[in-house]
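> Okay, here's the structure, questions in a sec.
Please treat every number below as a calculation from the coordinates, not as lab data. These numbers were taken from a predicted model, which means no experiment stands behind them. FYI the Cβ positions are ideal-geometry reconstructions off the backbone, even for glycines, and counts take in every protein chain you see.
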Amino acid sequence: MDVRERRWLYVLIGVFLVFNVITLSPLVPWQRWLLWSKPAPTQRVNIGFENYQITLPTGGIEAKVGEPVEFAATSNDVTYGLGVFRADGTMAFQMQVIPGYQNTLGWEFDAPGLYDIRSTEYSGPEHPGMFIKQAIRVIP
Amino acid sequence: MTKIGWLEKWTLRYAVAGLVWLAINGFEGALMRTSLVDPVALRGLEAAMNLLRPVGFQPTSAQVFYSMMTAHPICGIYGFAYMSVMGAFYFLAPHLLKKDIRYRRLIPLNFWLQIVGVFTAWGAGFFLLFNSLYTLYWPLPVSFDRVPLVGSIVFAIGAAVIMVNILLFSFNIFSTVVSKSNPGTYGFGGLLRSTLGISRLQRWLGKKGDGNPEPRPDPAELPVFIVSVTRGSIDTVINAVVLLTAGGLILVYGLATLFKMPLDPRAVSPLLYKNWFWWGLDMVADGNVLIYSAGIWYLLIPLLVGRNLFGESVVRTVILIDLLVSLGVWSHHLLADQPQPVVMRILSGQLITWGEFFTMGLTIFASMMTIWLARPVKLTPPLRFVLGSIFGFLIGGAAGLVQANVGLNVVLHNTQWVISTHAHTMLLTGLSMLIFAVIYALIPMLTKLEIRSRWLVDVHLWGWLIGSLTMAYSMGWAGVLGMLRRMLYPVPNPYQPESAIALAGALVLAVGFLAFLINILMTLGWKNLVSLILPEREVASALEASS
């Protein structure tokens, strides 16, 4: 290998290490609980998907800022996506909802407010209608 | 009229057919972008198109939008990209190996089968409103309350024709490489040694530390371009086999329902299917696209700058590693699937995907060093497009690595970032510019005609580059703001400003493409173009009659 290639390879290795170490570390806030601390959830929120409908728990969803919540989504027909969005439209988090499986993801909200839920995976032509405004209330 | 050889003429036919598919693909893309900006703007056109659709009901705008989204990549990938690649390889492989294509009859057969297959699969979406998208997530393609039954069956048949045809093409390329039609031929063992890097490994073990900074490959080895084509074709075959099984499954379920014997979709695990499907599909997205593209850079750049490829022995190893990496990266499409084991998501989804960073990083380094060491170089049209394609793969690949990350994917999965900043940059700025470079380079070789207008080349280059980047990055920014892909937002669309900028970018792109088509038409002349469709005798007699 030419010395210039070897130097370039070292640069590539450096970028690889820096990027992956940072993004797998708790410097990405949610990696702290998703990969490292894995705290026991204080509540489990069950959300059902079927026939283009999203079914929330009776009484709605309420969580506290910083409280570990486990979102468990199931589908009885096709693949959907559980996406939680802030009031300004930016995404807080999402996961795929695979039929026949328990799809679970733990989350700690970092700011109070009202959050929307939208299906993030295409499930047929009526997929754009799968939206619930202000589905989650997060309190300080 | 220029005398064009038989093989050269077929290469041109493949290129022209590919460009027709690209035009259809671009038209569909512009329609979908318009729908995102103003969903009612196309109602009149939709109504007119619905007259062509034999579906027996009035489709909704969403059904039309999603069926077009399903048809769109079929004509882009299997129409434009594959047909261009097939035509180019059918010319370049025998040219470099100095022997004939092993089965010449397959050249026209591949041409027509590809057109029939792509038209059938594309038509299943466009005419029959098959709307399961190219991802075909189980059991959506067989959920006939959402997806039309006939459309699903026709799509599966079209996909099967395409995949069988690709297998035939790959078989012909492999057969050509190993055929014993000239004294300097390569046996099957030699092919394996060369393409799997065994001979380089043997040499490395025997000559380690010889101090030669840039060792030359063994003269018995295949040209590096042929090594890329052969290794890329391994991915191509795996992809075709996997997609054939997925299409076969959909076909079985569709036919069973058609004959009133419906099967239970729950018999197939959606997660297992998704793993199988993405493993096969990534043989294209993260396999042959990268390896073929690298091979074309390795071939074109030395030809264009008049210098041997820098670090050729290293890039031979890189191509092998690229093949191994492509076999292991598919989980980056399943990072949001929580039932997928976390070790798979981190290892296959994130870390092995970074293997592409090394292989493409070294490939681009070798390409750029070759150009740098050959200074001063003349920036010919193909070289300018090669540089554009390197830029496209660089930024599109970087965007891909950002999303193929277990942490960042939580907020990027299925957003516009994925499809725009990554996929469209790779396909439009990267791959398409490389195909244009090949066309600009091949036309003088095939026809002895020089590209007519440098000004139109400039319009093409800058229109395509600025248009594709404007489109990709405005939508990518919308993705960061939360805009999903595969989503026809109801009015008012909160991402309308970004969508409008993307539409403007698409129009600039179209101007660039139009300049290219005019230039090609001016270069070839309409008589040569007509001679690609009609037999030469008829063109000659028509010319005689007109004079």
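> Taking amide H positions as placed in the peptide plane 1.01 Å from N, state which residues far from A:F93 in sequence (5 or more) or on other chains have amide H under 5 Å from it.
Amide H neighbours of A:F93, under 5 Å, 5+ apart: A:V84.
> Sticking with this one: Project the alpha carbons of chain B onto their principal axes and report the range along each, largest first, in whole Å.
That gives 72, 66, 48 Å along the principal axes, largest extent first.
> While we're here: Provide a whole-number value for the mean count of partner chain Cβ atoms within 10 Å of the Cβ atoms in peptide A:114-125.
Numbers: counts 0, 0, 1, 0, 3, 3, 8, 10, 14, 5, 11, 14.
Neighbouring Cβ atoms belonging to other protein chains average 6 per residue here.
> Here's something else I'd like to know. Cα centroid distance between region B:382-444 and region B:151-184, in Å?
Using only Cα atoms to place each centre, the spacing works out to 26 Å.
> Scan around A:G81 for amide H atoms under 5 Å from its own, H built in the peptide plane at 1.01 Å from N, and keep only partners 5 or more places away or cross-chain.
For A:G81, the qualifying residues are A:V97, A:T120, A:E121.
> Next up: Just to verify a number: FRET efficiency for A:V15 and B:S269, C-beta to C-beta distance, R0 = 45 Å, to 0.05?
Details: r = 37 Å, r/R0 = 0.83.
FRET efficiency, A:V15 to B:S269: 0.75.
> Next up: Can you give the FRET efficiency to the nearest 0.05 for A:R86 and B:D145, using r as the Cβ-Cβ distance and R₀ = 30 Å?
Details: r = 33 Å, r/R0 = 1.11.
My answer for the efficiency is 0.35.
> Something else now. To the nearest 10 degrees, how steeply does helix A:3-24 sit against the main Cα axis of chain A, on a 0 to 90 scale?
30
> Okay, helix-only estimate at 222 nm for chain B: each DSSP H run of n ≥ 4 adds -39500 (n - 2.57), divide by all residues, round to 500 deg cm²/dmol; what do you get? If you can, show how the numbers build up before the last one.
Details: 19 runs with 356 residues, N = 547.
Taking each H run of at least 4 residues, the total per residue is -22000 deg cm²/dmol.
> Based solely on C-alpha atoms, express the radius of gyration and the Dmax of region B:411-547 in angstrom.
Rg then Dmax for region B:411-547, in Å: 20.1, 67.
> Distance between Cα centroids, region B:341-367 to region A:78-99: provide it in whole Å.
Region B:341-367 and region A:78-99 have Cα centres spaced 27 Å from each other.
> Within 10 Å of each Cβ in peptide A:71-78, how many partner chain Cβ atoms are there on average? Round it to a whole number, please. Could the numbers behind the result be given before it?
On the way: counts 1, 1, 1, 0, 1, 0, 7, 13.
For peptide A:71-78, the averaged partner shielding equals 3.
> When the helix-only estimate is applied to chain A (DSSP H runs of n ≥ 4, each -39,500 (n - 2.57), divided by the residue count), what is the mean residue ellipticity at 222 nm, nearest 500 deg cm²/dmol? Intermediate results must be reported in sequence, preceding the final value.
Details: 1 runs with 22 residues, N = 140.
The helix-only estimate for chain A comes to -5500 deg cm²/dmol at 222 nm.
> Another question about this same structure. Any idea how far apart B:K527 and A:E62 come out in nm if each label point goes 7 Å out from Cα toward Cβ?
The two pseudo-label positions are separated by 8.5 nm.
> With a cut-off of at most 10 other beta carbons within 10 Å, and DSSP calling the residue loop, which trypsin sites (Lys or Arg not before Pro) in region B:306-412 qualify? Please list them. Don't skip to the answer; put the middle values down first.
Values: sites: B:R307, B:R316, B:R345, B:K378, B:R384; in loops: B:R307, B:K378.
Those satisfying the criteria are B:K378.
> In peptide B:374-381, how many Cβ atoms from other protein chains are near each Cβ within 10 Å, on average?
That average works out to 0.
> Under 5 Å between amide H atoms, partner at least 5 residues away or on a different chain: which partners does A:I47 have, H built in plane at 1.01 Å?
Result for A:I47 returns A:A72, A:A73, A:T74.
> Cross-link list B:K98/B:K527; B:K448/B:K527; B:K99/B:K527; A:K38/B:K274; B:K98/B:K180: which exceed 20 angstrom alpha carbon to alpha carbon? Spell out each step's value before the answer.
Values: B:K98/B:K527 30 Å; B:K448/B:K527 15 Å; B:K99/B:K527 30 Å; A:K38/B:K274 27 Å; B:K98/B:K180 11 Å.
Flagged as over cut-off: B:K98/B:K527; B:K99/B:K527; A:K38/B:K274.
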